[in-house]
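S.K.: Following this message is one structure expressed as structure tokens.
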Amino acid sequence: MSILINGSAVALPDDPRVSLLDLLREGLHLAGTKKGCNQGACGACTVLVDGERIVSCLALAVQYDGRQVTTIEGLAEGDALHPLQQAFIDHDGFQCGYCTPGQICSAIGMAAEAKRGVPSHVSADLTADVTLTREELQERMSGNLCRCGAHNGIIDAIRETVAAEMAA
């Protein structure tokens, strides 16, 4: 039994009570995924599981046997940053940087949801293709908190990359 984390097979912990977050941080020393509230409310621990965004503090590692987990460390290709990571730098989408890994992973998962046509609370037409307006992005990213106030930079970075990819 193992999990594929950033492309590498990792044995499941012996203790079934270990959260995915603790496995990543304590067991594998992948410090990019942050422990914020540890209650699923802040989004700092957001990772991708088979492309879907989840808060890893509320997930038990054993639940993800055989699944693909991608953390912030798994997004870059060698020394080349993921386009969204670069956009966060270009748009000052981070200040202290604590929430940044969760924001980026969440944005990538959110884009996949929007591509599939999953509506949000502010979607005007539940049957139309999703258009990632500023209002849509703000709603869809509302589960990821930034205490430093970098929200405008975060939304601009997402609009530049993720929303642009959807329009193409």
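The values are calculated or read from the model by the stated rules, or taken from the named source; none is laboratory data. Predicted model only: the values in this text are computed from it and were never measured. Positions of Cβ are backbone-derived with ideal geometry, glycine not excepted, and every protein chain shown enters the neighbour counts. To get the accessible areas, we keep the full protein, side chains included, count just its heavy atoms, and leave off ligands, DNA and RNA. Shrake-Rupley method; radii C 1.70, N 1.55, O 1.52, S 1.80 Å.
S.K.: Considering only residues that are farther than 16 Å from residue 4 by Cβ and either surrounded by fewer than 19 Cβ atoms within 10 Å (Cβ to Cβ) or without any contact (Cβ under 8 Å) to a residue 24 or more places away in the chain (or both), which ones fall in region 56-85?
M.R.: Answer for region 56-85, where residues must be farther than 16 Å from residue 4 by Cβ and either surrounded by fewer than 19 Cβ atoms within 10 Å (Cβ to Cβ) or without any contact (Cβ under 8 Å) to a residue 24 or more places away in the chain (or both): 58, 60, 76, 77, 78, 79, 80, 81, 82, 83, 85.
S.K.: Of everything in region 8-26, what is in a strand (DSSP E or B) and either within 16 Å of residue 50 (Cα to Cα) or touching a helix residue (DSSP H, G or I) at 6+ places or on another chain (Cβ under 7 Å) (or both)? Give them in sequence order.
M.R.: 8, 9, 10, 19
S.K.: Here are some residues: 112, 157, 128. Which one is in a loop (DSSP other than H, G, I, E, B), hydrophobic (A, V, I, L, M, F, W, C) and either open to solvent by 60 Å² or more (accessible area, probe 1.4 Å) or over 20 Å from residue 31 (Cα atoms) (or both)?
M.R.: Matching residue, one of 112, 157, 128: 128.
S.K.: So which residues in region 41-55 are open to solvent by 50 Å² or more (accessible area, probe 1.4 Å), of a type outside the set (A, V, I, L, M) and part of a loop (DSSP other than H, G, I, E, B), if there are any at all?
M.R.: Matches in region 41-55: 50 only.
S.K.: Output the number of residues of region 69-104 satisfying the condition of being assigned to a loop (DSSP other than H, G, I, E, B) and farther than 17 Å from residue 57 by Cβ.
M.R.: Within region 69-104, residues that are assigned to a loop (DSSP other than H, G, I, E, B) and farther than 17 Å from residue 57 by Cβ number 13.
Yes or no, residue by residue, for (1) at pLDDT 95 or above; (2) more than 17 Å from residue 145 (Cα to Cα):
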residue: 22; (1), (2): yes, yes
residue: 29; (1), (2): yes, yes
residue: 35; (1), (2): yes, no
residue: 45; (1), (2): yes, no
residue: 52; (1), (2): yes, yes
residue: 55; (1), (2): yes, no
residue: 66; (1), (2): yes, yes
residue: 73; (1), (2): yes, yes
residue: 78; (1), (2): no, yes
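S.K.: Continuing with this model, one more query. Within region 26-40, restricting attention to residues that are more than 12 Å from residue 5 (Cβ to Cβ) and free of Cβ contacts under 8 Å to residues at least 40 places away in the same chain, which residue is most open to solvent (accessible area, probe 1.4 Å)?
M.R.: So the residue we want is 39.
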